[in-house]
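These notes are about the structure you will find just below.
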Amino acid sequence: MKNQPMYRGAILLALILSLLILGCQKELKAPNGLSFSVVKNYHHWPLISFSYRQDLQELHLILGNATAFEDFLHGIPDNGHPFTDGAVLVRLVYPARANPSFGQDLEPGRLKRLDYMIKDAERFKNTKGWGYASFAYLSQEKRFKPLGSSADFFRNCIQCHEKARKRDYVFTSYSPKGPR
Ligand code: HEC
């Protein structure tokens with residue numbers, strides 16, 4: 001039993017290490033409680049479309065999860081039907097800059113932000129069926145940080161997305177990539 005203090009020390013160390021690891025993995029959440037984990041697989045999601053925001057000189061990539069992608073292939077929202085519950089849309093925002101080898105071409109600079117919208121007619125019934133979240137990308141630290149100073153930051157999102165209310169609040173249409 002003379003090794004007991006050593007065992008205790010090892011257990012204590014393991015406990016401290018696991019607490020530290022858990023602390024570092026603290027869930028990333030927007031101020032309204034929506035978690036970054038909703039989009040954790042977005043690197044594998046299909047491209048829905050892309051756009052150029054002229055006033056802000058930004059390039060936007062719009063991705064969708066499998067549910068959203070199916071909806072787009074069925075003509076939503078152009079056909080006036082609402083998205084299916086569980087559909088998630090991601091917008092990746094990049095500053096547009098001239099391609100150094102060909103100035104007339106605009107290419108994306110460093111990733112600035114990730115916005116997402118998740119559809120759940122019941123859960124988000126107070127916000128027209130969609131939950132909104134936004135995360136700034138800190139490129140030096142290679143991590144995301146939630147945006148919005150108060151829990152109702154998303155009012156701003158809804159106010160503008162209201163312009164697309166006839167399309168279930170989604171501006172983007174699917175850009176076909178040609179036959180498979
Ligand atoms: C001033 C208007 C405006 C505001 C405010 C706004 N958006 Fe949008 N959003 C747009 C427009 C226009 C598009 C489509 C063009 C684009 O950005 O690619 C869009 C596209 C999106 C998309 C892709 C799906 C779609 O509707 O086309 C997501 C996701 C999104 N916005 C999330 C957000 C979130 C989250 C917020 C708030 C933090 C927000 N938006 C605030 C105008 C706005």
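The values are calculated or read from the model by the stated rules, or taken from the named source; none is laboratory data. Model, not experiment: these values are computed from the prediction. Quick reminder, even Gly has a Cβ in these numbers, built from the backbone with ideal geometry, and neighbours come from all protein chains shown. Just the protein is used for accessible areas: all its heavy atoms, side chains included, with ligands, DNA and RNA removed. Shrake-Rupley method; radii C 1.70, N 1.55, O 1.52, S 1.80 Å.
In this simple spin-label model, placing a label point 7 Å from the Cα along the Cα-to-Cβ direction at both Q54 and H74 gives a separation of 3.5 nm.
Based on protein heavy atoms only, the chain ends up with 67 Å² per residue of surface accessible to a 1.4 Å probe. Taking Cβ atoms as reference points and 15 Å as the exclusive limit, the residues near L63 contribute a net charge of +2, counting Lys and Arg as +1 and Asp and Glu as -1.
First check a/c for the stretch 100-172, with a ≥ b ≥ c the square roots of the eigenvalues of its C-alpha gyration tensor; if it is under 1.5, answer rounded, and if not, answer prolate when a/b is larger than b/c or oblate otherwise. Spell out each step's value before the answer.
Details: a/c = 3.01, a/b = 1.60, b/c = 1.88.
The shape class here is oblate.
Projected label points at N156 and S175, each 7 Å from Cα along the beta carbon direction, are separated by 2.6 nanometres.
Computed in the context of the full set of protein chains, the accessible area of the chain at 1.4 Å probe radius has 57% of its extent on carbon or sulfur. List the lysines whose Cα lies under 16 Å from the Cα of K128, skipping any in the same chain that are fewer than 8 positions away. In chain and number order, the partners are K119, K163, K166. Going 7 Å from the Cα of S35 in the Cα-to-Cβ direction, what parts of the stretch 113-136 have a backbone nitrogen less than 18 Å from that spot? It comes to 116-120, 123-124, 131-135, nothing else. Looking at the chain as a GNM with Cα springs under 10 Å, which of S35, S139, S49 has the largest mean-square fluctuation? Taking springs between Cα atoms under 10 Å, the residue moving most is S139. At what distance in nm do the modelled label points of S149 and A121 sit from each other, each positioned 7 Å from its Cα along Cα→Cβ? Simple spin-label model gives 3.7 nm for this pair.
Ignoring aspartates and glutamates fewer than eight residues from K29 along the same chain, the ones with Cα atoms less than 13 angstrom from its Cα are D115. Where does the stretch 18-122 land on Rg/Rh, using Cα atoms and the Kirkwood Rh? Rg/Rh for the stretch 18-122 comes to 1.06.
Please give the direction-averaged projected area of the C-alpha convex hull for the chain, in square nanometres with one decimal. Please report the intermediate quantities before stating the final value.
Working: hull surface 66.9 nm².
Here the figure is 16.7 nm², rounded to one decimal.
Mean residue ellipticity at 222 nm, helices only, the chain: -6000 deg cm²/dmol; runs of at least 4 DSSP H residues each add -39,500 (n - 2.57), and the sum is divided by the number of residues.
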